[in-house]
Amino acid sequence: MHPNDPRLRSFIDVKPESVFPIQNLPYGVFSTASDPSPRVGVAIGEYVLDLAALQNAKLLDLPDGVFAQSSINAFMALGPQTWSTTRARISALLRHDNAELRDDAALRARALVPMSDAKLHLPLRVEGFTDFYSSKEHATNVGTMFRDKSNPLLPNWLHIPIGYNGRASTVVVSGTRIHRPRGQLKPPSAELPSFGPCKRLDFELEIGVVVGQASAMGTMLTEQQAEAMIFGFTLLNDWSARDIQQWEYVPLGPFQAKAFATSISPWIVTREALEPFRVQGPAQDPVPLPYLQQHGAYNYDMALEVSLRTPAMNAPARISATNFKYMYWSSVQQLVHHASSGCAMSVGDLLGSGTVSGPEKDQLGSLLELSWNGAEPLQLPGGEVRSFLEDGDSLVLRGWCQADGYRVGFGEVEGTILAAAN
């Protein structure tokens, strides 16, 4: 049976609402109090399956130590065929009718770690981070607010997946607290800029694309090559300082407004696990140039939601619910374009999709849009309002694909805002 087969069942009890059924098996890096060495595992129900322990028990045929590492980069470097065969083998070991792991009590005790006992780490060593701007709805909203209501998209937007190179050094795992950034600020009413804490701190709901294979400098990628290079996907929150960005982005685009923090979920869902959820993206008009034209379906029917909890709230409130299928430029097109100049791609590169916004008011992927740049503050339970994030606010992003009887998801990416550091 294929690892995506909906009939598959694990000997581990997986609740129907879990986003980690046997059909998912996302990769992450974890440690425990009893064994603080980070190693690679997969999520199954409410457990982490220790792949280093399985390899030590000779149940996985891979190069020695590939999972006894603090990132999945070494495993990704082995290539798509190894990714597929390894996932199939892990799936087989977890099946309800396979005795190899199920009936080995000692190995189960070593290899199955309760999620509550696991400390989750950044799952990959990020070699480079590029953030795109690929939601037509988001780009239109931003253009309407700041540029031209009658012509909100810049002339190049419908021809190029717009992006900029961000900072790999400040990509952090879910749960990392985020200090409010400082920077140069110049509101329209001020004659000169000043330096201080950001006053318009925002989130951006995104999906991160994890590149698992390298490409050579000076070469281009075909559609098929780019697809094969994608190892998987992760939730991504590209925190944004809107007031810093407003002053600095002309003429070269975002810099310090985005460099201070990018949060990702601890689990990377493989491209293969998302295969059943592929859908065609929006029609592209005008037709892209030949190198960007795609013949496959590279968007995903993936539900995404954002919840906000202020210090005064007893429970978080959902503020946005949208879907990744709305993205105008696909992940494959982004990767093809990134390499088209001859830019070398590396194992561990991370591409941000750009803010995921849908066509409706409650489907917007940033506070900039939800509050319309502060003109329409967001109403929260209990009477509080938010135009932008305040110190102590906690934000959670979740995402999953729904199948008949199970869902494949990412867990969550959470971040809490701290006051600017001294």
Identify, please: which residue in region 97-114 is in contact with an Asp or Glu (Cβ under 8 Å, 6 or more places away or on another chain) and assigned to a helix (DSSP H, G or I) and is, among those, most open to solvent (accessible area, probe 1.4 Å)? Arg110
Taking interchain pairs and intrachain pairs at least six residues apart, which have beta carbon atoms under 6 angstrom, with the first residue in region 407-420 and outside any strand (DSSP E or B) and the second of a type in the set (Ser, Thr, Tyr) and open to solvent by 20 Å² or more (accessible area, probe 1.4 Å)? none
Which one of these does Gly175 not meet: (1) open to solvent by 10 Å² or more (accessible area, probe 1.4 Å); (2) out of contact with any strand residue (DSSP E or B) (no Cβ under 7 Å at 6 or more places or on another chain); (3) closer than 19 Å to Val126 by Cα? (2)
Considering Val332, Val347, which residue is closer than 28 Å to Ile268 by Cβ and open to solvent by less than 10 Å² (accessible area, probe 1.4 Å)? Val332
Only residues that are over 29 Å from Asn4 (Cβ atoms) and surrounded by fewer than 18 Cβ atoms within 10 Å (Cβ to Cβ): list them for region 274-291, please. Asp285, Pro286, Val287, Leu289, Pro290, Tyr291
Considering each of Leu185, Leu94 in turn, give the residue that is farther than 27 Å from Leu235 by Cα, buried (at least 18 other Cβ atoms within 10 Å of the Cβ), in contact with a strand residue (DSSP E or B) (Cβ under 8 Å, 6 or more places away or on another chain) and in contact (Cβ under 8 Å) with a residue 24 or more places away in the chain. Leu185
When you go through Gln294, Gln246 one by one, which is the residue that is among the polar types (S, T, N, Q), open to solvent by 10 Å² or more (accessible area, probe 1.4 Å) and within 21 Å of Ile160 (Cα to Cα)? Gln294
Among the residues of region 191-202, how many are open to solvent by less than 70 Å² (accessible area, probe 1.4 Å), not aliphatic (A, V, I, L, M) and not in a loop (DSSP other than H, G, I, E, B)? 4
Condition (residue is open to solvent by 50 Å² or more (accessible area, probe 1.4 Å), touching a residue at least 60 places away in the same chain (Cβ under 8 Å) and out of contact with any helix residue (DSSP H, G or I) (no Cβ under 7 Å at 6 or more places or on another chain)) applied to region 72-80: is it met by at least one residue? yes
Among the residues of region 159-172, count how many are out of contact with any helix residue (DSSP H, G or I) (no Cβ under 7 Å at 6 or more places or on another chain), crowded, with 16+ Cβ neighbours inside 10 Å and part of a loop (DSSP other than H, G, I, E, B). 1
For region 59-69, does any single residue satisfy the condition of being of a type outside the set (Phe, Trp, Tyr), open to solvent by less than 50 Å² (accessible area, probe 1.4 Å), in a helix (DSSP H, G or I) and more than 16 Å from Ala118 (Cα to Cα)? no
Just need a number here: residues in region 265-298 that are among the hydrophobic types (A, V, I, L, M, F, W, C), assigned to a loop (DSSP other than H, G, I, E, B) and in contact with a helix residue (DSSP H, G or I) (Cβ under 6 Å, 6 or more places away or on another chain). 0
Considering only region 203-247, state which residues are in a loop (DSSP other than H, G, I, E, B) and either among the basic types (Lys, Arg) or under 30 Å from Pro188 (Cβ atoms) (or both). Phe203, Glu204, Asp238, Trp239
Of residues in region 382-394 being out of contact with any Asp or Glu (no Cβ under 7 Å at 6 or more places or on another chain) and assigned to a strand (DSSP E or B), the one surrounded by the most Cβ atoms within 10 Å (Cβ to Cβ): Arg386
I need a count of the residues in region 127-155 that are among the acidic types (Asp, Glu), closer than 20 Å to Ala259 by Cβ and open to solvent by 40 Å² or more (accessible area, probe 1.4 Å). 1
Determine whether Lys15 is outside any helix (DSSP H, G or I) and without any contact (Cβ under 8 Å) to a residue 12 or more places away in the chain. no
Do you know which of the residues in region 24-44 that are open to solvent by 10 Å² or more (accessible area, probe 1.4 Å) and touching a helix residue (DSSP H, G or I) at 6+ places or on another chain (Cβ under 8 Å) is nearest to Ser91 (Cα to Cα)? Arg39
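The values are calculated or read from the model by the stated rules, or taken from the named source; none is laboratory data. Nothing here was measured: the structure is a model prediction, and the numbers come from that model. Counting neighbours? That spans all protein chains shown, and the Cβs are built from the backbone with ideal geometry, glycine included. Ligands, DNA and RNA are excluded from the accessible area calculation, which covers all protein heavy atoms including side chains. Shrake-Rupley method; radii C 1.70, N 1.55, O 1.52, S 1.80 Å.
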